[in-house]
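Participant: I have a structure here, written as structure tokens, and I will follow up with some questions on it.
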Amino acid sequence: MSSPAAAVSADRVSKIYRIYDSSGDRLRELIFRRPRHREFHALRDVSLELPRGRALGVIGENGAGKSTLLKIIAGTTRASSGRVECRGAVASILELGMGFHPDFTGRENARMNAAILGLSGPQIRQRLPRIRDFAELSEFFDQPVRTYSSGMVLRLAFAVATHADAEILIVDEALAVGDGYFQKKSIDRITEFHRKGGTLLFCSHALYYVAMVCDEALWLRNGTVAGLGPALPIVRRYEAFLQERERTLLADGEMSRSPAGEEPPPGTTPGAEPGPAATTAAATDGQKPAHLTEVVVHDGSGYPRTEFASGETVAVDVAFETRDSRLAFHVRVGVDREDGVQTFAVDTRPEPWAPLTGRNRYRLRLSFPRLPIAQGDFRVFVYLGDEKALHVHDARILKPGFSVVSSEYVVGLLRPVYEWAFPDANAKVEAEAEAEADAGAGPSRRAASS
């Protein structure tokens, strides 16, 4: 039996889909009563218990069963076996446009969905203007939904779900659609819902959101539970799994590649001169409140440089502009090796002057004196975040970013500061005495002793 304190509980939930090679096989099975299908197990014995007021992030690869599980919890799909129980009103944002009638207007769809979520007539009339304003539909609110873009449908669905008096909110990759401005509004709305005691189930491929927003995480792999527990350790395990899989795929690709068909190295274009190239990771939608204008790697002098010796100073200059000087920002810089190994990342959150606010243009310099990297080729990731360091307004990737070249043969990634010691004082004295004796004995004795 599930705990009375649990808002959502699932006990050994499984979901099996029947796969037919053709529509005729489905008919033959119905007539002749002989199986003509294959079974696909989307979920196998998934169990979880989410206490009230907690946030659960659901992560995993495409096809792992994340959306299936959330649909079963939301009640839009029936489990093949097992039991799901939700204690409280549930609002869900699942497939794009689910529950909307394409020929009805946005206002009519919002009214119907709000009624389904349990709002009364007066409550619906009171909240419809707020739903319209949050969704930013203006005159399109009274147009048929079939005339909407995918972003408009998402905004309407999100606005209705988050303006209802739901106790449990289920969000399945809703932030993947829509511009950066609305994504920030959405994540702020989600965090506010959770802060006020709402129970959240949040599915996203953006692991940063999962680690920062959610208390716990569920990692699904091939329909089974690969990990369940506190969010940060589960996210790290999943990241390590993805990195290992990428390394394996790269190794297999190297083995299968013939010498005549060699591919250019990552980050280069056939026939083009290699060199540092900054690529904008966030699409320009015309509504971003801020954007990066420059990212430069150098040795502290400000002059661009891409090759360093181990132990040299490496610095990164980051410049950005904002439309509104009242907004606040954080900056995050990460360095990954070219094969995808995450080396380190730092941000402005610990600084007493952060977040940055009060200006329209900013320029920061991040310095790493005597960077303890031994060798390797590295990419530089720069993220411009909001006042909570949660939503990313803009991002750039320098690929290649910089290289560290060693003057001697070294093993490994880091050149750490280290010292040897003798925990046993007598052993230290004996070692020093033996060294002095060897030094005074001459080459013949040392050779003989060896």
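Only the coordinates and a few stated rules stand behind these numbers; no lab work does. The model shown is predicted, which means the values in this text are computed figures rather than measured ones. All Cβ positions, even for glycine, are placed from backbone atoms using ideal geometry, and neighbour counts span all protein chains on display.
Participant: On full extension of the chain, what length is gained from residue 37 through residue 195, given 0.36 nm per residue of separation minus the C-alpha to C-alpha distance? Intermediate values should be presented prior to the final figure.
Facilitator: Working: separation 158, 0.36 × 158 = 56.88 nm, distance 4.68 nm.
Length gained, residue 37 through residue 195: 52.2 nm.
Participant: Work through the residues other than residue 51 whose Cβ is under 14 Å from its Cβ and net out their charges, Lys, Arg +1 and Asp, Glu -1. Walk me through the numbers before you get to the answer.
Facilitator: Numbers: positive: 52, 54, 87; negative: 49, 85, 167, 215, 216.
So the environment of residue 51 carries a net charge of -2.
Participant: Find how much the distance from residue 328 to residue 236 grows on full extension, using 0.36 nm per residue of separation minus their present alpha carbon separation; answer in nm with one decimal. Don't skip to the answer; put the middle values down first.
Facilitator: Values: separation 92, 0.36 × 92 = 33.12 nm, distance 2.85 nm.
That pair, residue 328 and residue 236, stretches by 30.3 nm at full extension.
Participant: So, one more: Going highest first, how would you order 403-414, 39-50 by mean Cβ packing within 10 Å? Intermediate values should be presented prior to the final figure.
Facilitator: Numbers: 403-414: 11.5, 39-50: 18.5.
Result, highest mean Cβ count within 10 Å first: 39-50, 403-414.
Participant: List the aspartates and glutamates whose Cα lies under 14 Å from the Cα of residue 15, skipping any in the same chain that are fewer than 8 positions away.
Facilitator: Cα-Cα hits under 14 Å: 39, 45.
Participant: Which lysines, if any, have their Cα less than 27 Å from the Cα of residue 185, not counting same-chain residues under 8 positions apart?
Facilitator: Of all the lysines, those that pass the test against residue 185 - Cα under 27 Å, at least 8 places apart if same chain - are 66, 71, 196, 288, 388.
Participant: Take residue 11 and residue 363, extend 7 Å from each Cα along the Cα→Cβ direction, and tell me the distance between the two endpoints in nm.
Facilitator: Taking the two extended label points, one gets 6.5 nm.
Participant: Right, another one. Can you give me the convex hull volume of the Cα atoms of segment 125-211, divided per residue and expressed in Å³? Write out the running numbers ahead of the final one.
Facilitator: Working: hull volume 8.7 nm³, N = 87.
So the per-residue hull volume is 100 Å³.
Participant: Which length gain, in nm to one decimal place, applies between residue 403 and residue 47 when the Cα-Cα distance is subtracted from 0.36 nm times their residue separation?
Facilitator: On the way: separation 356, 0.36 × 356 = 128.16 nm, distance 4.66 nm.
Full extension of this stretch gives 123.5 nm more.
Participant: What's the Cα-based Rg to Rh of segment 6-239, Rh via Kirkwood?
Facilitator: Numbers: Rg = 18.9 Å, Rh = 18.8 Å.
Using only Cα positions, Rg/Rh for segment 6-239 is 1.00.
Participant: What's the local net charge at residue 404, with K and R +1, D and E -1, over the other residues with C-beta under 15 Å away? The partial results should precede the final answer.
Facilitator: Values: positive: 305, 337, 370, 379, 415; negative: 299, 307, 312, 336, 338, 339, 377, 408.
Value of the local net charge: -3.
Participant: Give the value in nm², to one decimal: projected area of the alpha carbon convex hull of segment 341-441, averaged over all directions. Numbers along the way, then the final one.
Facilitator: Working: hull surface 48.2 nm².
Over all viewing directions, segment 341-441 projects a mean Cα-hull area of 12.1 nm².
Participant: On alpha-carbon atoms, Rg over Rh for segment 278-405 using Kirkwood Rh? Don't skip to the end; give the middle numbers.
Facilitator: Working: Rg = 14.6 Å, Rh = 15.0 Å.
Radius of gyration over Kirkwood radius for segment 278-405 works out to 0.97.
Participant: So what is the relative contact order of segment 278-405, in percent, for Cα pairs below 8 Å that sit 6 or more residues apart? List each step's numbers first, then the result.
Facilitator: On the way: 313 pairs, mean separation 44.0, N = 128.
Relative contact order for segment 278-405 comes out at 34 percent.
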